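In what follows, a single structure is set out as structure tokens and then discussed.
The values are calculated or read from the model by the stated rules, or taken from the named source; none is laboratory data. Worth saying up front: this structure is predicted, and the values here are computed from it rather than measured. A quick note on method: Cβ atoms are made from the backbone with ideal geometry, for glycine too, and the neighbour counts reach across all protein chains shown. These area figures cover heavy atoms from the full protein model, side chains too; ligands, DNA and RNA do not enter into them. Shrake-Rupley method; radii C 1.70, N 1.55, O 1.52, S 1.80 Å.
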Amino acid sequence: DDNRTPTITDELIQLRPEANSSELSSSFWHKMAISNGLADSTKLAVLEGLLERHIERVKGLPSILERGKRIPISREETLMLLGELLHFRATLNLDSELLDTPDLYWYKPEIEDSYRAVSRVFDTKQRIAVLNKKLDYAEKMAELLRSHMNETHMLRLEWAIVILVGSEVVNSLMWWII
């Protein structure tokens, strides 16, 4: 039906053919909204994959600690993991428009329904909520790594002080004996 607006039923997107006119038709804007919703879902899928890889790398740490063993991650690797997590959080919450409705719909509110329909089909809001929960877990792991890094650094500093004090005592004894 040439007079129908594009619709989304279940996972079927129905578009109407473009009319031959020089101005941009309503159908064009609905297609743009659907395209925007699909692009948001794709961005979200990429972010989900990145976070899954990050969590895979650190998910074994609690079991290592449970057994009372030392975490086998260097200071540089820890800093890289922390930086990766901060970059991910910024990409999700600051750099992308996944959390907000795009500005285009402020000017064309009649096509916002098409955008929201695509978002509902791809569960965009729920996926963002799950992603943020996983991100909270990853941040707890990052705090664990940061704490471990600080403890290791403080332990090295304490041993350096003990060695320096011990060498000073030995040096004083040598001077006293001689």
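Name the most mobile residue of 50, 65, 85, meaning the one with the largest mean-square fluctuation, in a Gaussian network model of the chain with Cα contacts below 10 Å.
65
Quick check for you: with a 1.4 Å probe and neighbouring chains kept, what is the accessible area per residue of the chain, in Å²? Each step should come with its number before you reach the end.
Working: 12480 Å² over 178 residues.
Value returned for the chain: 70 Å² of accessible area per residue.
Report the label-to-label distance for residue 50 and residue 163 in nanometres (one decimal), using points 7 Å from each Cα along the Cα→Cβ vector.
Inter-label distance under the simple model: 4.0 nm.
For residue 39 paired with residue 140, estimate the spin-label separation in nm (one decimal), with each label point 7 Å from Cα along the Cα-to-Cβ line.
Simple spin-label model gives 3.6 nm for this pair.
Given bins 5 angstrom wide, list per bin the percent of all Cα-Cα distances in the chain, short to long.
Reading the bins upward from 0: 1, 7, 12, 12, 10, 9, 8, 7, 6, 6, 5, 4, 3, 2, 2, 2, 1, 1, 1, 0, 0, 0.
Considering only protein heavy atoms and a probe of 1.4 Å, how much of the accessible area of the chain is carbon and sulfur, as a whole percent?
Carbon plus sulfur share of accessible area: 60 percent.
Could you let me know the centre-to-centre spacing of region 142-178 and region 64-131, using Cα atoms, in angstrom?
Each part's Cα centre sits 43 Å from the other's.
Over 30 Å between Cα atoms: which of 43/108; 31/133; 69/140; 108/133 fall into that group?
The answer is 31/133; 108/133.
Suppose R0 equals 45 Å; then what is the FRET efficiency for residue 75 and residue 104 from their Cβ-Cβ distance, rounded to the nearest 0.05? Can you show the working numbers first?
Numbers: r = 46 Å, r/R0 = 1.01.
Approximately 0.50, to the nearest 0.05.
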